[in-house]
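Structure, as structure tokens:
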Amino acid sequence: MGLKGKDYRKLLEPMTEELVGMARWARTTGARIVVLFEGRDTAGKGGAIRAVRDKLNPRQCRTVALGKPTDDEQTQWYFQRYVDHLPSAGEIVLFDRSWYNRAGVEKVMGYAKPEQVDAFLEQAPIFEKQLTDDGILLFKYWLTTDQDNQEERLRERLEDPLKRWKLSPVDLAAREKYDAYTEAREAMLNATHTNNAPWTLVDFNDQKRGRLSLIRDLLDRLPDTHIEPPAIDFPELGREPKSESYTVIEPIADYPIKD
């Protein structure tokens, strides 16, 4: 039985406060944080990212979700377009899919040649060691889901007009390649699960519980991030609050709500 919404929100609330503290710590210390969210289609990457960033300053915490490479990008060093999005001091970057596209969807769907995939699996640990050696805090999460849940979520996308945009031809093709994605993931883990940049697998069959597991793991792996927020003097206004006034144009009419 899945975790109920009210129970989920109650458990998430204190961790959200810790995430805000993490962001304050990063801004104060200049830490650079990168979190990769990988997994099968419908695993719940978007929801997990929203849970992490929900209360954070969007100018400090950025989500990166790159589309198909342009013609120019296809001629670049493979990691180049991702490097452009790495954090500066005090920033947090959440990758909704990442350079690991090459080891997953590009491999399974035949978008990359076998020699390109082999080169990636050899180079990725070197690239990530350069990041961590330079002080970037790198966290790599793979969200797991069984195929029965994947099928249910794909059908929900098909039937829900608010989610239909999420359903792509690649998603539908992936239904027949569940085992191929498993094999690709295991090859990826075997090559890129390293001491300096390990992978963490999180069960997302229950997406709410998965978000809680992921966030708790992320927070527990950070250094002590407790920094008291700066004191702010907030004196009394000293007069009656004023109402808005207009001389050029008036606000539009309120949205009608029936009692």
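Checking each residue of the stretch 31-47 against the condition of being modelled with pLDDT of 95 or more and either among the polar types (S, T, N, Q) or in contact with a Cys (Cβ under 7 Å, 6 or more places away or on another chain) (or both) gives no match. Out of all the residues in the stretch 206-225, which are assigned to a helix (DSSP H, G or I), more than 18 Å from LYS6 (Cβ to Cβ) and among the polar types (S, T, N, Q)? Answer for the stretch 206-225, where residues must be assigned to a helix (DSSP H, G or I), more than 18 Å from LYS6 (Cβ to Cβ) and among the polar types (S, T, N, Q): just SER213. Selection of the stretch 174-202 for residues being among the acidic types (Asp, Glu) and either on the phi > 0 side of the Ramachandran plot or touching a helix residue (DSSP H, G or I) at 6+ places or on another chain (Cβ under 9 Å) (or both) yields only GLU183. Among the residues making up the stretch 54-101, those that are in a helix (DSSP H, G or I) and open to solvent by 50 Å² or more (accessible area, probe 1.4 Å) are GLU73, GLN74, THR75, GLN80, VAL83.
Residue-level check: of (1) closer than 18 Å to LEU66 by Cα; (2) without any contact (Cβ under 8 Å) to a residue 60 or more places away in the chain; (3) part of a helix (DSSP H, G or I), TYR111 misses just (3).
May I ask you to verify whether ALA124 is open to solvent by less than 30 Å² (accessible area, probe 1.4 Å), of a type outside the set (Ser, Thr, Tyr) and over 22 Å from the mean Cα position of the chain (by Cα)? Judged against the criteria, ALA124 is not a match.
Determine if the stretch 161-184 includes at least one residue that is more than 30 Å from PRO114 (Cα to Cα), out of contact with any strand residue (DSSP E or B) (no Cβ under 7 Å at 6 or more places or on another chain), at pLDDT below 95 and assigned to a helix (DSSP H, G or I).
yes
Please work out if ARG50 is out of contact with any strand residue (DSSP E or B) (no Cβ under 6 Å at 6 or more places or on another chain), open to solvent by less than 70 Å² (accessible area, probe 1.4 Å) and part of a helix (DSSP H, G or I). So ARG50 fails the test.
The values are calculated or read from the model by the stated rules, or taken from the named source; none is laboratory data. Keep in mind that what you see is a predicted model, and the values were worked out from it rather than measured. Every residue, glycine as well, gets a Cβ built from its backbone with ideal geometry; the counts of neighbours run over all protein chains shown. To get the accessible areas, we keep the full protein, side chains included, count just its heavy atoms, and leave off ligands, DNA and RNA. Shrake-Rupley method; radii C 1.70, N 1.55, O 1.52, S 1.80 Å.
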